[in-house]
Amino acid sequence: MSSDGKRILLIDDDPDMHDAVRLILEPAGYQVTCCLTGPAGLEALRRSKPDLLLLDIMLASPSEGFHLAYEVKQDELLKDVPIIMISSIGQTMGMDFGKELGSDYVQADLFLEKPLDAKALRAAVEKVLSGGD
């Protein structure tokens, strides 16, 4: 799948993550927009619907990303935006959220553990944008 013109929104409270994701995805032709907070991210989503949402789980609260994903999936205009959740919460809390994907608890298409591997991130983005399983 061609990445040309595909718009990705990253919601993560770590500016270093913004830089890293841009360095990984922009050379591949993706347009990356970044927000530091859940509310700013939700506003950006509604203002200009992206092709993909990269969403950190631990924002202002340890579970804000879960709540934000739920809100996106309940919104008629946004529910078809694929979500890749990214977090170190699995390491931090010893949980495997990959097993919960697609459930009411983890409304995401894919889960990536931080720190992100550049190759894995590009592959995940391509997989989700192409509708691959």
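The values are calculated or read from the model by the stated rules, or taken from the named source; none is laboratory data. The shown structure was predicted, so the numbers you read here are calculated from the model rather than taken from an experiment. In this analysis, Cβ positions are derived from the backbone assuming ideal geometry, glycine residues included, and neighbour counts consider all displayed protein chains.
Search segment 77-108 for residues being over 16 Å from the mean Cα position of the chain (by Cα) and farther than 24 Å from S130 by Cβ, and hand back the single one that is modelled with the highest pLDDT. Applying the filter and picking the extreme gives Q91. If you check D12, D16 for being buried (at least 17 other Cβ atoms within 10 Å of the Cβ), closer than 17 Å to D117 by Cα and acidic (D, E), only one passes: D12.
State all residues of segment 1-35 that are among the hydrophobic types (A, V, I, L, M, F, W, C) and touching a strand residue (DSSP E or B) at 6+ places or on another chain (Cβ under 8 Å); if no residue qualifies, say none.
Here is the first cut: in segment 1-35, the ones among the hydrophobic types (A, V, I, L, M, F, W, C) are 1, 8-11, 17, 20-21, 23-25, 28, 32, 34-35.
Once the filter is applied, which keeps residues that are among the hydrophobic types (A, V, I, L, M, F, W, C) and touching a strand residue (DSSP E or B) at 6+ places or on another chain (Cβ under 8 Å), segment 1-35 yields I8, L9, L10, I11, M17, V21, L25, V32, C34, C35.
Considering only residues in segment 57-74 that are surrounded by fewer than 23 Cβ atoms within 10 Å (Cβ to Cβ) and touching a Ser or Thr at 6+ places or on another chain (Cβ under 7 Å), the one that is modelled with the lowest pLDDT turns out to be M58.
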